[in-house]
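Enquirer: One structure coming up, written as structure tokens, with questions to follow.
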Amino acid sequence: MFIYLRVLKESFRFAIDALRNNKLRTFLSLMGVTVGIFSIIGVLAAVDSLERQIKDSLSSLDQSTIILCHVSFGPTDVPRWKREQFPLVTYEDYQYLKRTLPETKAISYVLNVPSQTIKYEDETLESVQVGATTHEYYDIESLQFQEGRFFNEAESISGSNVIVIGDEIKNQLFGEDGNAIGKKIKIFSRKLTVIGVLKKEGSALGDSKDEAVVLPVNLTRKIYGDNNRSTFPQVIVLPEPDVDNAEYLATLDQKLRIKRGIKTSEVSNFFANQFKGLTDFIDGIISVLKLIGWGIGGFALLVGGFGIANIMFVSVKERTNLIGIQKALGAKRRFILFQFLFESIVLSIFGGLIGMFLVWLISMLLNASGIAGDFTFVLSSFNIFLGFSVTFFIGIIAGIIPAIGASRLDPVEAIRTGM
């Protein structure tokens with residue numbers, strides 16, 4: 001055991017000498033490993049951070065949640081021309097399903113209204129996201145409030161002039177320390193009373209309830225009417241826990257087909273998009289992005305591996321005489337082999353450390369500067385471990401052939417060649 005520790009110590013010293021005595025050659029050779037690790041770990045860290053933020057923003061919705069609308073969130077066999085003729089889901093569809101659909105925990109009707117301008121006294125905010133829902137949406141998404149409440153059933157049915165606002169909207173209109181509850185803001189040329197402020201949630205893709213407002217769906221229906229495609233109507237359904245998924249979807253499909261009078265031979269003119277399908281779709285995109293990162297970094301690592309192998313071949317040639325003396329004094333082949341192999345690994349890890357340091361430095365600068373907004377870059381311990389593992393593996397691959405060559409040198413020939 002001690003002999004291998006001594007080999008590692010000597011290899012580390014030789015690696016440091018290589019860095020010190022051949023700065024430019026070593027730097028250029030290690031650049032490949034540095035760029036490769038920077039590319040791979042940088043992309044993986046960014047993708048992992050993106051995935052974490054997306055999953056956090058979607059975590060308030062149950063995986064079994066179903067979004068019923070006129071479009072599909074995934075691949076479908078229905079031709080596009082036919083999909084474009086599908087009717088919108090209506091408030092009446094929502095009411096019918098609410099009465100007749102069994103084993104349902106909550107069901108809500110939702111409209112995504114085109115962005116609007118909102119005002120409070122002298123403050124004006126443009127392009128504000130507007131969502132309109134029934135009161136059950138509170139139970140589906142488990143909304144969290146920093147102050148106030150969500151609108152109740154009576155306010156929802158009557159379409160009362162009340163509104164719930166996001167954290168960023170509140171800060172811009174009333175200030176971070178201001179009180180929003182009970183204030184009246186103007187939207188749709190109407191004055192609506194603020195009854196709730198949602199907790200800050202951050203955003204992953206620039207889309208967040210922090211910069212949105214929510215109001216009763218029947219208030220919005222008075223303005224836009226029904227059958228308005230610009231509002232993208234949806235019925236969001238949350239089944240009871242432990243319900244058989246396939247059976248529940250079949251019942252939902254059957255109920256709405258009956259309500260719409262769809263014949264047995266005809267395809268359904270709506271889509272029941274399960275929330276789990278959306279998360280699976282996101283997972284697919286994340287996997288592709290990670291593969292791209294590996295592809296970009298892989299070429300740089302290949303170049304870096306050849307660079308380190310070149311250093312090791314030169315190192316073996318420069319120390320041929322020393323190898324011969326070591327073998328003449330009784331050094332075994334594996335001692336010589338491990339000596340050069342460890343040196344290759346140490347050099348590779350140097351390059352990897354520089355790459356990971358650059359990833360960490362850039363992520364810290366981006367987080368501190370606020371350039372990325374609420375997006376937070378995180379260099380996870382797994383990615384650090386992965387970076388070390390990759391550089392270790394590259395060091396072995398790049399150094400194994402020079403190390404084997406050094407271990408097989410004849411001591412007499414090595415001493416004679418080195419003289």
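The values are calculated or read from the model by the stated rules, or taken from the named source; none is laboratory data. Bear in mind that the values here come from a model prediction, so they are computed numbers and not experimental data. Because the Cβ atoms are built from the backbone with ideal geometry, glycine has one as well, and the counts that use them run over all protein chains shown. These area figures cover heavy atoms from the full protein model, side chains too; ligands, DNA and RNA do not enter into them. Shrake-Rupley method; radii C 1.70, N 1.55, O 1.52, S 1.80 Å.
Enquirer: Order 240, 103, 147, 176, most accessible first, counting only protein heavy atoms with a 1.4 angstrom probe. Display every interim value, and only then the final one.
Expert: Working: 240 75, 103 105, 147 45, 176 145 Å².
The residues order as 176, 103, 240, 147, largest area first.
Enquirer: Once the Cβ-Cβ distance between residue 157 and residue 100 is put in as r, and R0 is 22 Å, what FRET efficiency do you end up with, to the nearest 0.05?
Expert: So the FRET efficiency works out to roughly 0.70.
Enquirer: In segment 327-408, carbon and sulfur make up what percent of the accessible area (probe 1.4 Å)?
Expert: 77 percent
Enquirer: Along the positive direction of the dipole of segment 148-192 (beta-carbon charges: Lys, Arg +1; Asp, Glu -1; about the Cα centre), which of 161, 180, 150 reaches farthest?
Expert: With unit charges placed on the Cβ atoms, the residue in question is 161.
Enquirer: Heads up, I need the accessible area for residue 334: 1.4 angstrom probe, whole protein in place, Å², nearest 10.
Expert: Residue 334 has an accessible surface of roughly 130 Å² with all protein chains in place.
Enquirer: In addition: Before I look further, what does segment 111-204 give for accessible area per residue, probe 1.4 Å, in whole square angstrom? Present the calculation step by step, with values, prior to reporting the outcome.
Expert: Values: 4440 Å² over 94 residues.
On a per-residue basis, 47 Å².
Enquirer: Determine the share of segment 99-155's accessible area contributed by carbon and sulfur atoms, expressed in whole percent, with a 1.4 angstrom probe.
Expert: So the carbon and sulfur contribution to the accessible surface is 38 percent.
Enquirer: Further question on the same structure: FRET efficiency for residue 119 and residue 91, Cβ-Cβ distance as r, R0 = 35 Å, nearest 0.05?
Expert: So, using R0 = 35 Å, E works out to roughly 0.75.
Enquirer: Kindly sort 139, 242 by accessible area of their heavy atoms, largest first, with the probe set to 1.4 Å. Spell out each step's value before the answer.
Expert: Values: 139 85, 242 160 Å².
These residues rank, largest area first, as 242, 139.
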